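Notes for the one structure printed next.
The values are calculated or read from the model by the stated rules, or taken from the named source; none is laboratory data. What you see is a predicted model; the values in this text were computed from it and never measured. Quick reminder, even Gly has a Cβ in these numbers, built from the backbone with ideal geometry, and neighbours come from all protein chains shown.
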């Protein structure tokens, strides 16, 4: 039943996506590729900025900046995050069971100082990423990089790694000018975490081939970019200057209403409410890629109640999912499974678990537990997409209270609650998972014995069928087959797992009406280069 | 130096008309009635509140009016009921906390003042140590160490607020301890404890009561501040400070945060007015009105 209807839906979605991309591309092209860049674009962002060094940054703001300073081998276009497209590489070939990837580079690409870009720069950038041992280094864990010629790069992974094409599109894998960076203290050798001194240089000057150049950089106030006059690629800058300002969300609401050429990126759906229907501002509210989920610890040493499978089912069928999505605000969507709706292998909404109080009561009765009382931990001082965990936790408490499950809320500062979550000691936990890269492989962590599985007390060997399926999905390179495998995994996870995916909160992008090409993307948020003015 | 015996008589005569006058001041009337009203609300909240403060039965984010006089919050709870029930958290806790601080501070202050010397130095230097930090910062540190909960918030605030009582009581004990009648009691063979309890403390009670009443407002404010910062009351408790914090997240729906904020405002105002009036009655020397009216 499910497997028959799913491909048709996927096909429909794919057609819609292609159409959307085509329209977006046409719109981008029509705003004249050869016109000189003029004017100033202002982006209001609540900063989480640490560095402009692409191989060191792994933050949201840093990702937005890196995306226009440094080109990557492949890129995602528009709002799509399922198909990496050519950028510096004209294409790639996977071989050896998804363990070897060969990328062919575009010729005549030049860095902003005029130096030609070759495989040497790619190898330098990737090795530097690995050896800096920074936050994004895990992206290339188990991968070796070599040049197969001046315009050929070969990535070899120890294990089958079908996520690699999506990974090379990440801003942290932006290609730097190896000669320039080396001349300013950079190195890609082992021990670069101690010997590389190029960060302060890269915080002053960009060394990439992207559509914009770094003019000034301050991690707490503003970042200024100017158009790269030597840029020859597809994403030519349309503004002479871009200013990214550190502005708190409530202030963003005011300035985007007044300004022109202005974009606000941090409004919550509720904060943005006055803007819907505004004459000066276009507001998009789209489901973001973060998955909020509840889990019940499967380790009986942590709780004999939450590890009871019937009790888990009672929670599963008692949660008021529709109410939770409403509470999350406009643009939010149901998380049908753990893989976000935008990604390959996402479940259709129809396959999501629905509230069924009768069944929940029956499961609770069958659990043999009387008046169960459990503790729900969540980070009390943390909000994401303008949404506080405390509010959602209170809703869950009320939902479960209706069938006689007493939930005690135990909100703790994020430092404490995160430590408990990671140690796997929470009875019930409310958390979110944000993607490291837009590929379903990033969600195998929810399986038994994996990172998040263990946090929910789900040890390896707890569900061998699901684990075997996970191993197969993780090493399959055919996208169609992968998508099917991941959907199978999630259907089973939804039936038997200790996780209850709740929703994907809405992400709001508010932009002055005169701006064109403002498209939210789940990986890099927004591509400043495609934005133009009417 | 005044003649012992003469002063109390004169004061006695002057005080009686002042008591009546002080309570006729509009501020005193407002303070007393507001405080009394809030205490009644705290006692009778279950009878007054239209619904359960935790029940999420209404439509979320309804503006004030109709069935929901103060509107509903993001979870569909009645804001009016939450504000009324909030009085059951803030007011008793503030009383408890001020009581504890008074007990600890007054005892330490009395001991320090009466015995002097080494004991005095230890107590008063620790008081200075606490005074050296801004109260809210120190309270935040304490709750951060103990873990955020309303109980720990109260404990933290006791730690922060005992020194002011200790200081006042010590000063009074020092000055009263040197009066002739105390010396006389001691010469007649009374123990130090008896002199302290029977002769000194009753004379200290007035000013300390004034301080405590004024401190009640302050205590409610600090408790709310800690809850606002997420260090005090935890959800789903309908605490006022937490309510204001919730309102900040839903700024367009002004009623979620405004009503708990007004509740804090009115209670703090009431206890401040009450404290001021009490001072006029019990502690005429330190009252500004005493000077202007008498001379």
Only one residue in B:223, B:196 is in a helix (DSSP H, G or I), in contact with a helix residue (DSSP H, G or I) (Cβ under 8 Å, 6 or more places away or on another chain), away from every other protein chain (no Cβ under 14 Å) and crowded, with 22+ Cβ neighbours inside 10 Å. Which one?
B:223
Residue among A:267, A:294, A:248 that is within 14 Å of another protein chain (Cβ to nearest Cβ), surrounded by 23 or more Cβ atoms within 10 Å (Cβ to Cβ) and on the phi < 0 side of the Ramachandran plot
A:267
Test result for residue A:341, in contact (Cβ under 8 Å) with a residue 40 or more places away in the chain, in contact with a helix residue (DSSP H, G or I) (Cβ under 9 Å, 6 or more places away or on another chain), assigned to a loop (DSSP other than H, G, I, E, B) and not assigned by TED's automatic domain parsing to the domain that holds residue A:62
yes
Take segment B:86-114 and flag every residue that is free of Cβ contacts under 8 Å to residues at least 24 places away in the same chain and more than 15 Å from the chain's Cα centre (by Cα).
B:107, B:111
Every residue from segment A:94-109 that is modelled with pLDDT of 95 or more and in a strand (DSSP E or B):
A:100, A:101, A:102, A:103, A:104, A:105
Residue in segment B:169-193 that is surrounded by the most Cβ atoms within 10 Å (Cβ to Cβ), counting only those that are in contact (Cβ under 8 Å) with a residue 12 or more places away in the chain and under 22 Å from residue B:125 (Cβ atoms)
B:169
Evaluate segment B:121-133: report whether one residue or more is in contact with a helix residue (DSSP H, G or I) (Cβ under 6 Å, 6 or more places away or on another chain), under 18 Å from residue B:222 (Cβ atoms), within 14 Å of chain A (Cβ to nearest Cβ) and assigned to a helix (DSSP H, G or I).
no
Counted residues in segment A:497-508 being modelled with pLDDT of 95 or more and more than 14 Å from the chain's Cα centre (by Cα) come to 7
If we take segment A:349-447, then helices (runs of 4 or more DSSP H) inside it with 3 or more residues that are crowded, with 17+ Cβ neighbours inside 10 Å, within 12 Å of chain B (Cβ to nearest Cβ) and touching a strand residue (DSSP E or B) at 6+ places or on another chain (Cβ under 6 Å) are A:389-401
In this structure, does residue B:83 turn out to be modelled with pLDDT of 95 or more and more than 18 Å from the chain's Cα centre (by Cα)?
yes
Condition check for residue A:494: outside the structural domain of residue A:346 (by TED's automatic domain parsing), surrounded by fewer than 24 Cβ atoms within 10 Å (Cβ to Cβ), touching a residue at least 12 places away in the same chain (Cβ under 8 Å) and over 21 Å from the mean Cα position of the chain (by Cα):
no
Of the residues that sit in segment B:57-114 and are surrounded by fewer than 21 Cβ atoms within 10 Å (Cβ to Cβ) and at positive phi, which one is farthest from the other protein chains (Cβ to nearest Cβ)?
B:66
Members of segment A:95-133 that are more than 27 Å from residue A:229 (Cβ to Cβ), buried (at least 22 other Cβ atoms within 10 Å of the Cβ) and out of contact with any strand residue (DSSP E or B) (no Cβ under 6 Å at 6 or more places or on another chain)
A:129, A:130, A:132
Starting from segment B:31-56, take each residue that is within 14 Å of chain A (Cβ to nearest Cβ) and list its partners that are in a loop (DSSP other than H, G, I, E, B), counting only C-beta distances under 7 angstrom and pairs at least six apart or across chains.
B:53/B:77; B:53/B:238; B:54/B:77; B:54/B:236; B:55/B:77; B:56/B:75; B:56/B:76; B:56/B:77
With the requirement that a residue be within 11 Å of chain A (Cβ to nearest Cβ), surrounded by fewer than 22 Cβ atoms within 10 Å (Cβ to Cβ) and over 25 Å from residue A:414 (Cα atoms), what does segment B:230-262 give you?
B:252
Note on segment B:104-120: residues closer than 15 Å to residue B:175 by Cβ and touching a helix residue (DSSP H, G or I) at 6+ places or on another chain (Cβ under 7 Å) are B:109, B:110, B:112, B:113, B:114, B:120
Can you confirm whether residue A:312 is within 14 Å of another protein chain (Cβ to nearest Cβ) and in contact with a helix residue (DSSP H, G or I) (Cβ under 9 Å, 6 or more places away or on another chain)?
no
Being surrounded by fewer than 16 Cβ atoms within 10 Å (Cβ to Cβ) and in contact with a strand residue (DSSP E or B) (Cβ under 7 Å, 6 or more places away or on another chain), is that true of even one residue in segment A:509-516?
yes
So for segment A:316-336 (the condition being closer than 20 Å to residue A:394 by Cβ, part of a loop (DSSP other than H, G, I, E, B), touching a residue at least 60 places away in the same chain (Cβ under 8 Å) and away from every other protein chain (no Cβ under 14 Å)), does at least one residue qualify?
yes
Just a yes or no: is a residue in segment B:146-168 within 14 Å of chain A (Cβ to nearest Cβ), in a helix (DSSP H, G or I), over 21 Å from the mean Cα position of the chain (by Cα) and free of Cβ contacts under 8 Å to residues at least 12 places away in the same chain?
yes
